[in-house]
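The values are calculated or read from the model by the stated rules, or taken from the named source; none is laboratory data. Predicted, not measured: the structure shown is a model, and the values here were computed from it. Don't worry about glycine lacking a Cβ; one is built from the backbone with ideal geometry, like all the others, and counts go over all protein chains shown. Ligands, DNA and RNA are excluded from the accessible area calculation, which covers all protein heavy atoms including side chains. Shrake-Rupley method; radii C 1.70, N 1.55, O 1.52, S 1.80 Å.
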Amino acid sequence: MVCMQDMKKESCSQTTFDLLFYEMKQAMMNAHPQDNVTVGSMIQEDLYNVLAAMLRQEEEYECHDYLEFDDTKIDETCRTKMTEWVFQVVDCTRLQRETASVSMSYLDRFMCTSSPTAKKARLDRKEYQLVVLTTLYIATKIFEPFAMDASLVSKLSRGVHSEEEIIALEYEILVALQWKVNGPTPLQFVNYLLELLSTSYQDKALLYEHSHFQTELSIGDYILMPLRRSVIAVAAILNSLENLPKDSLPLNERIRYAEVISMATGLDIFSPVINSVRIRLLDSYSRSSGYPLAQVGILPIIESKQSTTQEKKAVIDKSPGCVMKERAISLELNS
């Protein structure tokens, strides 16, 4: 079932729009060179303070299952295809991949609201496409070094949606989101948490690479959508940490770092939710890359001894996305 029949992927060199966008981006990159999103050197106290603020902030950016309505015409496959399309646009136009993640966050949160267009988009795939275009437009305006013109966004839709429609919906989305457009992302949590790793371990490049890739994969997984971004980040880091050869990081430092993560986020790293997300991310990694992210078994995926049936139910019930959370902690997640 194809959701974007009128927005098929096309080579960057095949349209005037792509050439224009490429030239614009190249000019901005030459003027303002950008590296991957990193945190840089921060003292540990500052890192803990920033993480504490991010943890408080993410409570205001949670989503719930907006595909649970019986009459919705949007399904998980459609959203997955839209996610892939957004990443294709971002890669084609040389934008930051994090912009795609932010865009999908706006989309999901907006679709959870009672906005008239959100309700319509759940029933009309063409309207859903318009919301996707507009959230990408908003994310680009906020997080890229140049503003994407609405006319260019309209061209992305091959003329299906007009510049006027996009501009009008932009305001409606911002109002529906209560102008909250700077929520923490899984990648940001990963970057700050990895800064807490002992300075004696210098080669963090592989940890960043594997963790970032897993956070990107999580964006297209609707089952993980209602979970807090910190949960996804911690699961991704634990998987990446477990992929390191045993002799590359001493056992005591590895365990100590896991304890630091737990203390900084207030999460039980062996909780059923963390374990299930780790399994989900490992499965996504294998399917996407074609090879598994091997785990050495120092921090295995096991159930916390303190976790009881009642405690698991409490974890689920206290979230507005209880149905999706229940799916997310199942160890048989559509794999």
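Principal axis analysis of the Cα atoms in segment 100-193 yields extents of 42, 30, 20 Å, listed in decreasing size.
Built from the Cα atoms of segment 200-247, the convex hull projects on average onto 3.6 nm², one quarter of its surface area.
Using only alpha-carbon positions, what ratio does the radius of gyration of segment 49-149 give when scaled by 2.2 N^0.38 Å? Can you show the working numbers first?
Numbers: Rg = 14.4 Å, N = 101, 2.2 N^0.38 = 12.7 Å.
Computed over Cα atoms of segment 49-149, the ratio equals 1.14.
Mind scanning Lys141/Lys246; Lys119/Lys155; Lys81/Lys246; Lys120/Lys155; Lys73/Lys180 and naming the pairs with a C-alpha gap bigger than 32 Å? Each step should come with its number before you reach the end.
Values: Lys141/Lys246 44 Å; Lys119/Lys155 25 Å; Lys81/Lys246 38 Å; Lys120/Lys155 23 Å; Lys73/Lys180 27 Å.
From Lys141/Lys246; Lys119/Lys155; Lys81/Lys246; Lys120/Lys155; Lys73/Lys180, over 32 Å: Lys141/Lys246; Lys81/Lys246.
Potential lengthening of the chain between Asp75 and Arg256 amounts to 61.0 nm, from the contour at 0.36 nm per residue minus the alpha-carbon distance.
Using the Cβ-Cβ distance between Ser198 and Val296 with R0 set to 25 Å, the FRET efficiency works out to roughly 0.90. Residues of segment 203-279: accessible area per residue at 1.4 Å, in Å²? In whole numbers, segment 203-279 has 32 Å² accessible per residue. Computed over segment 215-300, relative contact order equals 41 percent, with contacts defined as Cα pairs under 8 Å that lie 6+ residues apart. In the neighborhood of Pro245, defined by Cβ-to-Cβ distances under 14 Å, what is the net charge if each Lys or Arg adds +1 and each Asp or Glu adds -1? That sum, taken over residues with Cβ under 14 Å, equals -2. Neighbours of Ala150 by Cβ distance under 12 Å: Lys/Arg scored +1, Asp/Glu scored -1, total -3. Ligands, DNA and RNA left out, the accessible area of segment 45-175 computed with a 1.4 Å probe is 49% carbon and sulfur. For the pair Tyr48 and Ser289, a Förster radius of 30 Å applied to the C-beta separation gives a FRET efficiency near 0.35, rounded to the nearest 0.05. Stokes-Einstein diffusion for segment 132-244 at 20 °C, viscosity 1.002 mPa s, with a Kirkwood radius from C-alpha pairs, works out to 131 µm²/s.
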